[in-house]
Amino acid sequence: KGKGFRAGCGGSYGGRGGGLDQADDMTYGSIEQRDVDYGSGGGSSTCRGGGIIVVQADVITVDGSITAEGGICNDRTYGAGSGGSIMLGRNSSSQISGVGTVSANGGWGLKPLP
């Protein structure tokens, strides 16, 4: 569960998770910060958050997929997990190229909107 968790709501790493009871103070992490953290789980212990991926190299070619996605929550009562963190490169001069994708999206929750 961890940071950004509130029962019944979506995880809140990098942005506010879905759910009527979600509080702004549950959100943590930012694309502007150069840190990494796990995504938070959704509103149930079965709705997992995304992981952490760190690739430290000066030249990186991505021709496949790098993902740290939040878990899907199949229970209609709870929100899904938030995405995790992906950090590519040693510093701002690292070169990243390729035709692949990099994503750390939140999972799909089945909780209906009011």
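The values are calculated or read from the model by the stated rules, or taken from the named source; none is laboratory data. Because the structure is predicted, anything quoted here is derived from the model rather than measured. We place every Cβ from the backbone using ideal geometry, glycine too, and count neighbours over all the protein chains shown. These area figures cover heavy atoms from the full protein model, side chains too; ligands, DNA and RNA do not enter into them. Shrake-Rupley method; radii C 1.70, N 1.55, O 1.52, S 1.80 Å.
Structure data summary
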{"quantity": "Sequence-distant residues sharing a close amide H with Ile96 (under 5 Å, placed H)", "calculated": "Ile60"}
{"quantity": "In nm, spacing of pseudo-spin labels at Ile66 and Ser97 (7 Å Cα→C-beta vector)", "calculated": "1.6"}
{"quantity": "Sequence of Glu32, Glu69 from largest to smallest accessible area, 1.4 Å probe", "calculated": "Glu32, Glu69"}
{"quantity": "Table column - 3J(HN,Hα) (Hz), segment 95-101, Karplus curve with 6.51, -1.76, 1.60, x for Gly and Pro", "calculated": "9, 10, 9, x, 10, x, 10"}
